[in-house]
Amino acid sequence: MTKIKGGELIADHLIRAGMPYVFGICGHGNVGMLDALYDRKDHITMISPRHEQTAGHMADAYYRVSHQPVATLTSCGPGSANIPMSLACAQADSSAFLAITANVPTSQFNRGPFQETYMHGQASFPDSVKPFVKRSFQPSRVEMLPLALRQATNLLTSGRPGPVNLDVPYNLFQEEADTALEPMNGAGVDNRPGAAPEIITAVTDMLLAANAPLIFVGHGITISEAGADLTDLQHRLQIPQVASPNGMGSLDMADPLSLGFIGRNGTYPANQAGRRADILLTIGARFDDRSASSWREGYSWNIPPSKLIHVDIDPTEIGRNYEPFMGIQADARTFVRQILAELDRRGVTRHEGTKSWLAQIAGWQQEWDSFIAPNFEIDSAPMRPERVVRDMMQVVPDNAILVPDSGAHHNWFMQFWKCRRPQSMLNTWGYSAMGFGVSGVLGAKLAAPDRPCIAVVGDGGFTMTPHVLCTAVEYNIPAIWVIWNNYAWGAIRDLQHGQFGGREIGTSFTHGPNSEPYNPDFAALAKAHGVDGIKVSRSSDFRDALGAAIAANRPYVIDLEVDPGVRPPSTGSWELPPLQAPEPAFGAPWRPL
């Protein structure tokens, strides 16, 4: 062994772990790490956005597209205090990145030096992120770094993926020690446990005997890269699928077996099937309130009498919201392949026992299509939301990556977007952090440079993190932002109108004595940053503008005026106690006798 600086150890480890990027912001607390990265510029790229929250969302989205974790780097005090939102967003959606945070020198712990978090413990910044990470490591000597680095990296993607924090005191970046990185096996951690053989036999028996089977998928099926195998299983057994947002695309949503999103703003066929399924095979989904109509009986699910088979790699999610008939801790892809192998053993290549069930679903689909179809054709100024989604589906290529932000616009894409591939629709779902889509599209584009990457973001969310335009220009990242301009925090304004009699305060963006709608000219703002920008107010102009943005292969902003008075038709419910839960706008709850 030869003497090596702590910062060099960290940088060498990131390279060895296959991390091509560090997304980070400079500060006096991490300048030693920056110096180590300088010497390794040919092997790992440092990208510096203008805010730490953006760095975290970029790393989160990068993982969702590539399933390769990368690292973030932030300085002590406020620099790292800006990253908990990104960590929380990643943790809630089972996405992984290594958050390297700097801290004050160990010799100054508990003296209250510049930017130390010390009120309840010395250098206690890790306490700030513990609810949002799988583990926080804080080595206090250079010799402790190799073990912490190995453990942190393995933990990122073992079991349920999630972010991990490595908190490094300032002096460790620059101090030297006679130490070296610990060996890491190329095989890594076995992250694909399967179910017991007798369980596979029992599940297969249940699926083959079911009259109205349904498969419900979440992000777990996407993370496990089980889409192709699941598609094979569904085609063989002719079982329809409903999805939570981050499970969308595991089955091509143009497939007749794909019923779309289930829950408050799900599709009518999805909720109808959920209410009536006799066997519900759920893989990698956790029955959150929005995909379960706040667990109200008969609105999205009836569990029981529906028999729930709940498969998840995280045992804490099995039975959290619904008691399963059968709970199975397993990797999604391994489990699906086990079922396929059992079908092969039995010689089952096609199961036709669901014909009447699928015919019933086709009837619900026809009712739903008749109800929604007219609004997709309306040409108006400002645009109707349905028309925005339709035009994007017609213009955007199948290999594009859509990165919606949190906001009213997201409901429309949940209900009507047809995702064609896995890992091509990235949603901030569990924590629903504004800024994820605005910032994450940069990380998505770095992970998939040959695919169009489009963020659909609200005007409120965009103005939280508009500095992404600087990063796009500095690093030549040709992302596209479609800004859903409805001059409001629209989702909350809708809630005020629906539940508080229109007592609107703090939600609309206005200016002047007559309270005229106000927003900056986003196209002009883009051009001021060196980004192409255009304002679109009429439906007939949007398709050409979006096509031009995709063809340009440069950073691009479309300032799109959308009608704020049109709300998505609820087919489920969403309860915010003690407010009265709304009834579906289309369809009605159903409970078996």
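Here are a few things to note about the model shown:
- Scanning the range 66-75 for any residue that is part of a helix (DSSP H, G or I), in contact with a helix residue (DSSP H, G or I) (Cβ under 9 Å, 6 or more places away or on another chain), without any contact (Cβ under 8 Å) to a residue 40 or more places away in the chain and outside the structural domain of L446 (by TED's automatic domain parsing) turns up nothing.
- Of the criteria (1) out of contact with any His (no Cβ under 7 Å at 6 or more places or on another chain); (2) outside any loop (DSSP other than H, G, I, E, B), which one L208 fails: (1)
- Candidates in the range 341-364 are the residues that are among the small types (G, A, S) and not in a loop (DSSP other than H, G, I, E, B); of these, the one that is farthest from G260 (Cα to Cα) is A341.
- Helices (runs of 4 or more DSSP H) contained entirely in the range 455-574, each with at least 3 residues that are within 19 Å of V403 (Cα to Cα): 459-464, 468-474, 539-552
- Subset of the range 139-176 that is polar (S, T, N, Q) and assigned to a helix (DSSP H, G or I) - its residue that is surrounded by the fewest Cβ atoms within 10 Å (Cβ to Cβ): Q151
- Looking across the range 433-454, the residues that are touching a residue at least 60 places away in the same chain (Cβ under 8 Å), under 14 Å from the mean Cα position of the chain (by Cα) and in a loop (DSSP other than H, G, I, E, B) come down to A433, G435.
- Taking the range 433-452 as the range and being in contact with a Gly (Cβ under 9 Å, 6 or more places away or on another chain) and not aliphatic (A, V, I, L, M) as the test, the residues that pass are G435, F436, G437, S439.
- Residue identified as crowded, with 18+ Cβ neighbours inside 10 Å and closer than 16 Å to M392 by Cα among V566, V531, V536: V536
- Whichever residue in the range 17-39 is under 18 Å from A59 (Cβ atoms) and out of contact with any strand residue (DSSP E or B) (no Cβ under 8 Å at 6 or more places or on another chain) and, among such residues, is surrounded by the fewest Cβ atoms within 10 Å (Cβ to Cβ): G18
- Filter result for W429 (under 18 Å from G249 (Cβ atoms) and hydrophobic (A, V, I, L, M, F, W, C)): yes
- Selection count where residues are at pLDDT 95 or above and either of a type in the set (K, R) or over 13 Å from S80 (Cβ atoms) (or both), scope the range 119-138: 5
- Residue list for the range 1-16, filter: buried (at least 18 other Cβ atoms within 10 Å of the Cβ) and assigned to a helix (DSSP H, G or I): G6, G7, E8, L9, I10, A11, D12, H13, L14
- Among the residues of the range 449-469, the one identified as out of contact with any helix residue (DSSP H, G or I) (no Cβ under 6 Å at 6 or more places or on another chain), closer than 17 Å to L525 by Cβ and hydrophobic (A, V, I, L, M, F, W, C) is M464.
The values are calculated or read from the model by the stated rules, or taken from the named source; none is laboratory data. Please read these numbers as outputs of a predicted model, since none were measured by experiment. Neighbour counts run over all protein chains shown; Cβ positions are idealised from the backbone, glycine included.
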